[in-house]
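Take a look at the structure set out below.
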Amino acid sequence: MGLCCFGSSDRVEPGPPQSGRRRGSDDFHGVVDERSCTDIVFLAIFLAFLGGLGYGLYNAVERGDINRMVFGFDIDGDICGRPNRPHPNITTSGKDTTRQTFLDIESFNLNNLDPVIMGRCVNSCPTNRSPPILNRCLEIHATSTEATNWFLSSTGLAKFFNQFALDFQLCWREVVYLCLISLGLSLVLTVLFRFLAGAMIWLLLIALVLGSLGGTGYLWWLWHGMRGTSGENSMMAYAILMSIVSVLILLIVLAMRKRVELVAALFREAGKSVHAMPLLLIQPIWTLLALCILCAAWAYAALWIESAGYPTRTEAGTVFFRKDTFLQVIRWYNIFAALWISQLCLACQNLIIAGAVADWFFTRDKSRLGCPVARSVGYAVRYHLGSLAFGSLLIALMKLVRMLFNYLERKLRNANTTCFGLVTCLTCFCKCCLYCFEKFLQGLCSNAYIEIAIYGENFCWSAGRAFKMLSNNALRVIAINSVGDFILFLGKAGVVTAVVFIGIELIKDKPGVVYIWTPILIAAIFAYLIAHCFISVFEMCIDTVFICFCEDCEINNGQDQPYFMSRGLMEFVEKSKKSSESACRSRSCPATATQRGVR
């Protein structure tokens with residue numbers, strides 16, 4: 001296929017049969033049981049990468065002191081609130097600042113986020129400074145509007161955050177209740193997706209068409225009322241543009257009407273899979289827990305890296321800790337490690353869900369399903385960590401490239417260049433291209449994990465197979481990505497909106513609450529995260545069912561090779577076959593036009 005790395009590049013169908021289930025189009029019995037380790041090279045690279053990270057952090061710990069970042073250090077490099085040893089070549093260092101626990105920063109400006117910090121360790125913050133923030137006393141200068149100055153002033157900032165904390169303390173029980181409500185609404189949403197997906201999709205499309213036609217008519221009505229005025233031509237242009245958009249929407253809906261039935265069927269099948277395997281819904285919890293641990297570990301490592309360096313006195317007389325090339329590399333190394341490991345956690349979740357749903361789809365007797373989630377976890381950990389490391393590496397590299405590009409863009413914007421307009425256009429174009437390519441790569445990797453879950457092949461073969469399936473079913477993919485994703489987005493928005501309105505009713509009469517939007521905002525954020533966790537599982541289930549459906553249509557014909565799909569999907573296939581045969585008869589197509597099933 002041209003995408004293979006560790007196998008024959010011209011292989012389209014999987015290789016020889018394995019164990020009880022074979023992997024060919026002649027005798028396909030579902031998800032492969034007997035597997036071998038895939039992409040071991042990339043697993044070795046990942047382990048070596050972790051070893052390099054450990055070595056770099058060891059050097060950072062040897063050269064640094066995390067207390068420099070936690071408590072701050074003064075102009076002589078001495079840590080506040082600690083007994084200090086003298087630094088080499090810094091004769092004024094080594095003071096005992098045990099009682100001076102605060103760092104009074106003499107120069108800090110919100111309009112300059114890269115200031116020259118000159119600070120001294122003090123017993124308490126001076127009266128002209130802000131309240132202590134992370135053991136720092138700040139004198140803030142901000143040139144903005146009067147409201148912003150009040151908000152950022154020492155009394156305003158303290159008052160706001162104190163009231164914020166008090167409001168949350170008063171309403172934390174209501175916030176917990178709202179989180180539980182969002183959990184229940186998300187569960188209800190998965191049930192509604194299963195039973196009311198078709199009605200929801202058609203209502204959405206009808207509302208979209210009627211809305212576009214109504215908007216077009218309204219603009220033409222406004223144009224008629226503005227005839228003879230200066231705004232006539234502008235309103236006509238708007239009306240013509242809206243008319244074109246309405247026609248395009250109508251044509252797209254007409255072209256997609258048959259495939260919308262497939263989207264509704266996929267929603268129903270995904271709902272059935274979640275109902276049959278409720279353990280799928282707790283997978284995001286483990287992923288979220290792993291990501292939280294990763295964030296804490298990354299922040300801890302970053303503090304050690306930023307504290308490391310060689311004490312050097314500047315011309316202004318202050319001491320800073322200069323980083324050599326090795327420490328600067330370790331800083332980026334740590335950032336890339338966070339990107340790679342976080343993507344690996346997400347990839348593990350996707351493969352586990354895909355494996356369980358594929359096992360459910362290709363099992364004819366659902367009563368003999370067993371525990372597909374545990375089986376999928378075993379496959380992922382035992383055989384496919386290398387493939388997961390490979391796929392997550394690609395996405396992490398893409399994210400790192402985007403980060404470096406954004407860093408370069410800021411440097412170019414700050415530079416006094418005569419080609420500022422050209423630079424801005426080029427950077428916007430490159431950012432758009434990188435964003436689109438990253439989204440394409442994420443989708444390809446996600447579908448590659450589904451093929452890995454089915455066949456147990458390496459990442460490159462699976463990515464090629466997934467690309468083939470998506471290319472052969474391009475119109476269906478468009479329907480799922482447009483209509484399906486919008487339905488899922490409406491589900492998230494609906495949960496958050498319901499939580500906000502319920503929260504207003506719960507908290508509006510709460511005595512002592514000043515800023516009602518404080519607990520409401522916190523509850524809305526948690527509601528979105530909870531809904532996103534549930535819907536991300538549902539979305540992966542839809543994608544897996546779709547790939548399995550395409551594989552089923554590709555390999556089987558429903559006659560001597562019976563389908564694995566459910567009765568609802570079979571009815572869709574039969575309708576599509578009949579419409580294809582009718583179209584072929586009207587055009588006098590060859591009889592073999594429909595032998596390969598639905599396209």
Quiz item: Scanning the stretch 49-70 for residues that are over 30 Å from R375 (Cβ atoms) and aliphatic (A, V, I, L, M), which turns out surrounded by the most Cβ atoms within 10 Å (Cβ to Cβ)?
Solution: A60
Quiz item: Within the stretch 463-484, which residues are within 27 Å of T38 (Cβ to Cβ) and either over 22 Å from the mean Cα position of the chain (by Cα) or not assigned by TED's automatic domain parsing to the domain that holds V545 (or both)?
Solution: G464, R465, K468, M469, S471, N472, N473
Quiz prompt | Members of the stretch 499-515 found to be at negative phi, touching a helix residue (DSSP H, G or I) at 6+ places or on another chain (Cβ under 7 Å) and surrounded by fewer than 16 Cβ atoms within 10 Å (Cβ to Cβ), listed by number | solution = I504, K510, V514, Y515
Quiz item: Mind checking which residues of the stretch 262-294 are more than 17 Å from C541 (Cα to Cα) and touching a residue at least 60 places away in the same chain (Cβ under 8 Å)?
Solution: W286, L288
Quiz item: Checking W340 against (1) assigned to a helix (DSSP H, G or I); (2) among the aromatic types (F, W, Y); (3) out of contact with any Phe, Trp or Tyr (no Cβ under 8 Å at 6 or more places or on another chain), which single condition isn't satisfied?
Solution: (3)
Quiz item: Right, E451: within 30 Å of L385 (Cβ to Cβ) and not in a helix (DSSP H, G or I) or not?
Solution: no
Quiz item: Give me the pairs: first residue in the stretch 216-228 and assigned to a loop (DSSP other than H, G, I, E, B), second residue surrounded by 12 or more Cβ atoms within 10 Å (Cβ to Cβ) and at pLDDT 85 or above, beta-carbon distance under 9 Å, and six or more apart or on different chains, which are they?
Solution: M226/M236
Quiz item: Are there any pairs with C-beta distances below 8 angstrom linking a residue in the stretch 436-450 that is assigned by TED's automatic domain parsing to the domain that holds L346 and closer than 16 Å to S471 by Cα to a residue that is among the acidic types (D, E) and assigned to a helix (DSSP H, G or I), with the two at least 6 apart or on different chains, and if so which?
Solution: S446/D543; N447/D543; I450/D543
Practice problem: Could you tell me whether any residue of the stretch 76-97 is part of a helix (DSSP H, G or I) and buried (at least 20 other Cβ atoms within 10 Å of the Cβ)? | Solution: no
Quiz item: Does F321 satisfy the criteria of being in contact (Cβ under 8 Å) with a residue 60 or more places away in the chain, surrounded by 12 or more Cβ atoms within 10 Å (Cβ to Cβ) and not in a helix (DSSP H, G or I)?
Solution: yes
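The values are calculated or read from the model by the stated rules, or taken from the named source; none is laboratory data. Nothing here was measured: the structure is a model prediction, and the numbers come from that model. Counting neighbours? That spans all protein chains shown, and the Cβs are built from the backbone with ideal geometry, glycine included.
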